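For reference, the structure discussed in these notes is given below.
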């Protein structure tokens, strides 16, 4: 049976994204690309080794209400955040 990368492996339309395996210089570009690929109602479950506060500020500025940010875990060394595509557009 072939693998379909467009189908989430976690029920509920949640796609995993482990930033710890992405070179630091590529992380933000990869994260923004992944967020822009989400359809309304889908989420990206982001894992990182630290709390990415500057990145979160960039996401809020860039996407506004289109991306909802929810912490799943804030444990040292394993921060997990869900980014949900809401379908709402940012105010122009």
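Of the conditions (1) surrounded by 13 or more Cβ atoms within 10 Å (Cβ to Cβ); (2) in contact with a helix residue (DSSP H, G or I) (Cβ under 6 Å, 6 or more places away or on another chain), residue 49 clears all except one; give me its number.
(1)
Output the residue which, of all residues in region 14-32 that are part of a helix (DSSP H, G or I) and touching a helix residue (DSSP H, G or I) at 6+ places or on another chain (Cβ under 9 Å), is farthest from residue 59 (Cα to Cα).
19
How many residues does region 50-84 contain that are part of a helix (DSSP H, G or I) and on the phi > 0 side of the Ramachandran plot?
The qualifying residues number 1.
If I ask for residues that are surrounded by 12 or more Cβ atoms within 10 Å (Cβ to Cβ), over 15 Å from residue 84 (Cα atoms) and at pLDDT below 95, which ones from region 25-46 would you list?
27, 28
Look through 37, 57 and report the one residue that is without any contact (Cβ under 8 Å) to a residue 12 or more places away in the chain and closer than 14 Å to residue 16 by Cβ.
37
The values are calculated or read from the model by the stated rules, or taken from the named source; none is laboratory data. From a predicted model like this one, the values you see are computed outputs, not experimental measurements. Cβ: placed from backbone, ideal geometry, glycine included. Neighbour counts: every protein chain shown.
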